[in-house]
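These notes are about the structure you will find just below.
The values are calculated or read from the model by the stated rules, or taken from the named source; none is laboratory data. If you're wondering where the values come from, they're calculated on a predicted model, not measured in any experiment. Cβ atoms come from the backbone with ideal geometry, glycine included; neighbour counts cover every protein chain shown.
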Amino acid sequence: MRRNALGLVAVYVMAIGTVEASAGMIGKRLAEAVQVTILSSNLANGATVGEWGLSALVEVDGQCVLFDAGRYPDTVLRNAAVLDMDLSCVTDVVLSHFHFDHNGGLLPLLRDLRGRNPNAMRRVHVASGFFLRRQVPQGDGYVDWNQMIAVRDTLEAAGVEIVEHDGPAEILPSVWVTGPVERVHAEQRYGGRRMLVDGEWVQDYVPDSQGLTVLTEQGHIVLLGCGHTGVVNALQHIQSTINEAPIHALMGGLHLFNASDEMLGWTADRLREIGVQHLMAGHCTGVEPLLRLRVGLNLSRRTAVVGAVGSQFVYGEGIRATSIAM
């Protein structure tokens, strides 16, 4: 893995919430070195490949977390090789929700990384509802759609600990998962499939949709998979349940590609009020919605770009856009 940007060969000392300027930080562990690299998204160039999927490597003070695993079996592995990223450091995987375009590369990654590091991928973190049974129409009936129910057995047989979170949790120092997100606003960024809950079939509102945040002195560095909860709901949940700190950076998928003009305007207004400082969104966000958000948040081409494969956010430096997404 390219270590020069972060100096990960050094030993990092965690800041233990001593920043007087951020009273809400007191008692919270803060990261000093953070780098996020997009490994799967819709937009790619050079030798990397794009897909309708999402994955990102999150490096925090010498520890590695993989956020989602892409859609196709080899996408993340192929792009990591092109980008010279060694994923064998990954101990924890956070899955944003059960959809196949975020989990398709999980088992190939497990086989590859374990072959290089027996301690790789020890834990997989999901939110409550991840393994609920779902169905989609087929012919005159329905078929099961949640393939992760079967994958669970394979993961556990390989010694992977699956952790289901029913609320926010610090999974590594300064690295948090949100668990299920409270949905105050009616953003409804999900489709109309069905799921089985307590013996009844109801609309699948993706209750397991969760995010990841890294807490730093300058605020939260947030990743969302598709933001099926709604991005505003997700950020307000993070600030109200984990820490009231500012949103220093927002990345991942925001599921706005098919949003109405009214919804895009409302979302931009709310994110501007929240004060998002950097935006690197891709996948289901959509290119035009990203550009609309850039304008609505009063950001620039340096602080708001499409999150293409190979794009990075480096804490203390900002966004490193690829040539196709500058």
- Quick one: Thr213 ticks every box in (1) β-branched (Val, Ile, Thr); (2) closer than 21 Å to Gly70 by Cα; (3) in contact with a Gly (Cβ under 8 Å, 6 or more places away or on another chain) except a single one, so which number is it? (3)
- Across the stretch 66-115, what is the number of residues that are part of a helix (DSSP H, G or I) and either out of contact with any strand residue (DSSP E or B) (no Cβ under 8 Å at 6 or more places or on another chain) or under 28 Å from Glu170 (Cβ atoms) (or both)? 22
- Of all residues making up the stretch 184-204, the number that are under 29 Å from Asp261 (Cα atoms), of a type in the set (A, V, I, L, M, F, W, C) and not in a loop (DSSP other than H, G, I, E, B): 1
- Message: If a residue must be in a loop (DSSP other than H, G, I, E, B), among the small types (Gly, Ala, Ser) and surrounded by 24 or more Cβ atoms within 10 Å (Cβ to Cβ), how many such residues does the stretch 205-262 contain?
- Response: 4
- Item | Selection within the stretch 292-316 - farther than 11 Å from His278 by Cα, over 16 Å from the mean Cα position of the chain (by Cα) and not hydrophobic (A, V, I, L, M, F, W, C) | Arg292, Gly296, Gly316
- Query: Would a scan of the stretch 74-83 turn up a residue that is under 16 Å from the mean Cα position of the chain (by Cα) and of a type in the set (Asp, Glu)?
  - Reply: no
- Among the residues of the stretch 49-65, which ones are in contact with a helix residue (DSSP H, G or I) (Cβ under 7 Å, 6 or more places away or on another chain) and part of a strand (DSSP E or B)? Ser55, Leu57, Cys64
- Filter result (of a type outside the set (Lys, Arg), more than 19 Å from Thr91 (Cα to Cα) and in contact with a Phe, Trp or Tyr (Cβ under 6 Å, 6 or more places away or on another chain)) within the stretch 169-214: Tyr190, Tyr205, Val206, Asp208
- Query: From the residues in the stretch 277-326 that are touching a Ser or Thr at 6+ places or on another chain (Cβ under 8 Å) and among the hydroxyl-bearing types (Ser, Thr, Tyr), which one is modelled with the lowest pLDDT?
  - Reply: Thr322
- Taking interchain pairs and intrachain pairs at least six residues apart, which have beta carbon atoms under 9 angstrom, with the first residue in the stretch 200-226 and at negative phi and the second hydroxyl-bearing (Ser, Thr, Tyr) and in a strand (DSSP E or B)? Trp201/Tyr142; His220/Thr213; Ile221/Thr213; Val222/Thr213; Leu223/Thr213
- Condition test on Asn258, is it modelled with pLDDT under 95 and over 17 Å from the mean Cα position of the chain (by Cα)? yes
- Message: When you check Ile162 against the structure, is it free of Cβ contacts under 8 Å to residues at least 60 places away in the same chain, over 26 Å from Val309 (Cβ atoms) and in a helix (DSSP H, G or I), yes or no?
- Response: no
- Note on the structure: Filter the stretch 124-146 for residues that are surrounded by fewer than 17 Cβ atoms within 10 Å (Cβ to Cβ) and in contact (Cβ under 8 Å) with a residue 24 or more places away in the chain; the one that is farthest from Ala234 (Cα to Cα) is Tyr142
- What number of residues within the stretch 74-105 satisfy the criterion of being touching a Leu at 6+ places or on another chain (Cβ under 9 Å), of a type in the set (Asp, Glu) and under 17 Å from Met121 (Cβ atoms)? 1
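In the stretch 28-48, what residues are under 16 Å from Leu224 (Cα atoms) and part of a loop (DSSP other than H, G, I, E, B)? I'd like the intermediate steps shown before the answer.
Step one: of the stretch 28-48, the residues under 16 Å from Leu224 (Cα atoms) are 35-42.
If the condition is that a residue be under 16 Å from Leu224 (Cα atoms) and part of a loop (DSSP other than H, G, I, E, B), then Ser41, Asn42 are the ones that fit.
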